[in-house]
Each structure stands twice: as C-alpha cells, then as structure tokens.
Amino acid sequence: MAAAPPPGGRRGTGREDTMKILVTGGAGFIGSHLVERLLDRGDEVVCLDDFNDSYDPSLKRANIAPSLANPSFAIVEGDIRDRKALRGLAARHKFKVIVHLAARAGVRASLRAPLLYEEVNCGGTLNMLEFAREHAVGRFVFGSSSSVYGASGAIPFAEGDRADLPLSPYAATKRSCELLCHAWHHLYGIHATCLRFFTVYGPRQRPEMAIHRFTRRIVRGEPIEVYGDGTSRRDYTYVDDIVDGLIKAIDTPFPFEIINLGESMTVELNRLIAALEKAIGKKAALKTLPEQPGDVPVTCAEIRKARELLGYNPRVQIEEGVRRFVDWYRRVNP
C-alpha cells in the first residue's frame, strides 16, 4: 500500500502545502481543464462562473460536471461585475491565489458588443484586483491574449514588443487589463502574472472557434467559411500545454511579469483544414469570404521567456492536437 501524503501535503509534487485557489471562468474551456489539474494534484478550488449565454450554458455545466463530486471543489454561480457577490465569496473563503480567466472572449463578437466587453473584461478585472487587495490575496494570474499585439510587424511576437495598437475592442480590453494588473502590483504589492494565450484549442473548445466550427461543419457535410485566401497563419496551442504554463505561473510567483504562452510555430489555415480533413476522414467544402475587420493576419509567440521563467515546453503538434480534438468531438456527438 502506498504511503499517505503528509498532513496538508500532496503526493509527488515536491511541495508541502496545498493551496485554496479561486478560478474565475472555471467552467469554461481553459478554466475547466485547469480546475481538473489543480484538483488532481490536491489543491482546493473554488470556481466562480456566471454561466452566461455567450454560448450554450449547458456546455459549461458539462465541462465542470466531472469535478462536482470532488470534496475539494466548490462551484459558485456569480458575476465578476457583482461586488456584493464577491464580498459574500470572501466571507466564506480565504484564497492564496486568484486565477482570473473569466471574460467575454472573441475578436468578432467584440465588434458587435464593445460596451459589454469593456464592462465585463475591464470592470470585472478591476473588481477582481480590488478583491485581491481587500482580502490580502497576494498572487494574481491573469489570462490575457495574443490579440494585444495587433498587426505587429515583428515575428515572432515578444513580450517587449509594442502592444498599444489594438485592432479590436477585445484586444483593447485585454491590454487594458494587463495595465490594471501592473498598477495594482505597483500600488498594493500584488504579485501579478499576465499570460498571453495564443489561439488555444482542444477538447471543450468554445463552439464558435475555428477548429470546433470547422469540425462540426465538415462532419455534417456543410461548407466551412474561410475568410481570405487561406494563407493566414496562427500559433495554435493545445490546451494541455496552456494548462502546464498556468500551473507553473501559479506555483512561481513574480512581482509582475507578462509572459507569452504559445506553441511558437505558425500554421497556415490551409494546413489546419487539411489536418481536420485527415482526422475526420472527409473533405471540406469551402466557402470563401472577405477578410474580417479586427482579424490579425499572423500570430507567432516568442516563448523564450516562458521557457526560462516557467520551464514551459509545449509538446502537442497541430496534427496530433487536431486528432485528439476530433476524437473528443465524436465522443460527445455520437
């Protein structure tokens, strides 16, 4: 029989203490994967999520369902804009770390609802930073986006590059949140790490995102919409690799840092479609449309800083990641 872990500790982590961690947006795509990983290693996790209608809330409930039976997990249905609800949360829990992933996401959707994006992303983040200040949560990990780089002339995108020319309301809100994190670090000593995610994909991906949407349409025999000539390039990053980086950022507090989390390899849209066709076993019918306002033609992460500071090492290449996604899609859509 294996030896029990020490009191208050966890087996195999090399650390003696468990942590109580608040994950906002913890029922979402990235958040639910992070919650499972934290629970698996012995942390206590509280998920704050409002289950809004940006997409079918039942999908988020399915994401988080496997964690509900874990006694170290609690789900709180609430809005990061609701300061009264946040005060109630603070009365019940003492957190060591906040991982703030809750946001309105997506470039194109932000063009349709810029005021909502500002209210949720900027106002909500300000509320969470104030929560950290008021309740002495010294460690804050924020989920930012590669969108902040805009149409950067430099490839790959490095953390020191300009990020003050956003191309969409979504990008502008994410950059604004990074600046708020810096201000609260400077003023109140909160250790804040902003992680710029590069096109995350994998099981549970939001249904409007390209890989999920393309898979659904190819399987159904419906045409997929391709904006431009198919030569746009993205740095697609598998969700397990992103969670690896998040865990490292949780465990490695810095006074203030901005760190890219990507694959560091660009994939042309045409190659992505070919990988999906191979994994699904079916050719895609293409419907070509003009390029969309707010879209960035190429993204590519410089991840030297993530490697050096976090020991980050992405492992899943696009063809393997797409295969895993298609396998998951078929399991949940028999």
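The values are calculated or read from the model by the stated rules, or taken from the named source; none is laboratory data. As the structure is a prediction and not an experimental result, all values here were calculated from the model. Counting neighbours? That spans all protein chains shown, and the Cβs are built from the backbone with ideal geometry, glycine included.
Here are some notes:
- Any hit, the range 141-149, residues being crowded, with 16+ Cβ neighbours inside 10 Å and farther than 30 Å from residue 162 by Cβ: no
- Which numbered condition residue 162 fails, given (1) touching a residue at least 24 places away in the same chain (Cβ under 8 Å); (2) surrounded by fewer than 20 Cβ atoms within 10 Å (Cβ to Cβ): (1)
- Listed by position, the strands (runs of 3 or more DSSP E) contained in the range 63-178 that have at least 1 residues being modelled with pLDDT of 95 or more and closer than 26 Å to residue 262 by Cβ are 97-100, 139-145.
- The residues of the range 150-174 that are more than 15 Å from residue 199 (Cβ to Cβ) and touching a Phe, Trp or Tyr at 6+ places or on another chain (Cβ under 7 Å), listed by number, are 161, 163, 169, 173.
- Top-ranked residue of the range 21-54 - restricted to ones that are closer than 13 Å to residue 104 by Cα and among the hydroxyl-bearing types (Ser, Thr, Tyr), ranked as surrounded by the most Cβ atoms within 10 Å (Cβ to Cβ): 24
- Of the residues making up the range 63-81, those that are in contact with a helix residue (DSSP H, G or I) (Cβ under 8 Å, 6 or more places away or on another chain) and free of Cβ contacts under 8 Å to residues at least 12 places away in the same chain number 0.
- Of the criteria (1) crowded, with 21+ Cβ neighbours inside 10 Å; (2) in contact with a Lys or Arg (Cβ under 9 Å, 6 or more places away or on another chain), which one residue 201 fails: (2)
- Restricting the range 32-59 to residues that are in contact with a Lys or Arg (Cβ under 9 Å, 6 or more places away or on another chain) and not in a loop (DSSP other than H, G, I, E, B), the residue that is farthest from residue 100 (Cα to Cα): 59
- Selection within the range 293-312 - part of a loop (DSSP other than H, G, I, E, B), surrounded by 15 or more Cβ atoms within 10 Å (Cβ to Cβ) and under 19 Å from the mean Cα position of the chain (by Cα): 295, 296, 299, 300, 302, 303, 312
- The set of residues in the range 204-230 being part of a strand (DSSP E or B) and either surrounded by 22 or more Cβ atoms within 10 Å (Cβ to Cβ) or not acidic (Asp, Glu) (or both) consists of 224, 226, 227.
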